[in-house]
1. Of a type outside the set (Asp, Glu) and either crowded, with 21+ Cβ neighbours inside 10 Å or modelled with pLDDT of 95 or more (or both): is that true of LYS165 in this structure?
2. Give just the number: which of (1) closer than 14 Å to VAL153 by Cα; (2) modelled with pLDDT under 95; (3) hydroxyl-bearing (Ser, Thr, Tyr) does TYR109 not satisfy?
3. Assuming SER82 fulfils every condition listed in (1) surrounded by fewer than 21 Cβ atoms within 10 Å (Cβ to Cβ); (2) at pLDDT below 95; (3) hydroxyl-bearing (Ser, Thr, Tyr) apart from one, which condition is it?
4. Here are some conditions: (1) crowded, with 19+ Cβ neighbours inside 10 Å; (2) modelled with pLDDT of 90 or more. GLY115 meets all but one. Which one does it not meet?
5. Identify, from the list LEU184, LEU142, LEU136, LEU120, the residue that is touching a strand residue (DSSP E or B) at 6+ places or on another chain (Cβ under 9 Å), at pLDDT 95 or above and closer than 21 Å to GLY43 by Cα.
6. Quick one: which of ALA47, ALA16, ALA68 is at pLDDT 90 or above and out of contact with any strand residue (DSSP E or B) (no Cβ under 6 Å at 6 or more places or on another chain)?
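The values are calculated or read from the model by the stated rules, or taken from the named source; none is laboratory data. Just so you know, these numbers come straight off a predicted model, no measurement behind them. Virtual Cβ from ideal backbone geometry, glycine too; neighbours counted across all protein chains shown.
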Amino acid sequence: MRSLGFIKVIFAVAGASILGGCLLSETPILDATNGRATPIKSGAYIACPLKDDADASDCSELIVSHDASGLYRFENLDEKPSLFRFRKIARRGYAVQTTEDSDDSYMYYYGRRVGKRFRLTMMMCAELPASLRDALIANGDLASEDDDFESCVVNTLKGLTKASKAYHRGDAESDDVDSEKMVLELTPATQAPQ
């Protein structure tokens, strides 16, 4: 990752290790043909990490917009825009791909609409059920270079969809009792930032 986009910055502010264990790829899995879902309305939002010790200073304002192909732009005045694509995987559940404008690396999240809010959960390779992760790696849908699953490369749409569905069902868990899920909640702002 060459630079830190808005989503990565907000997780860094929240104290999360932003790359350790996450799902990544060097080529996009979602594109205009398979990532056209538009679960978030265009407009102004407040993005806050969901953590016990988070406060208002951890939040950031952003403008969300999307084009006809389903490509979203999350823009913050201080950061390079982050680009997103969404694929519906279940009722209110989405596989989410993000990259920075003009970047060539991608990160993957599970997204869930909760009323008017939207939550993005960073998908972590080690949190996937071992049987699912092992099967996806054996089939070539995911790849990992280490036994600790420091990161996994997503190779196929099937790999991304199955990982997202594990999060949607609540099957993705950490063995580390001190670990916190990296969740960012977008809430519509009452006023657009000036």
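1. Judged against the criteria, LYS165 is a match.
2. (2)
3. The number of the failed condition is (1).
4. Going through the list (1) crowded, with 19+ Cβ neighbours inside 10 Å; (2) modelled with pLDDT of 90 or more, GLY115 breaks only (1).
5. Only one candidate passes the filter, namely LEU120.
6. The conditions single out ALA68.
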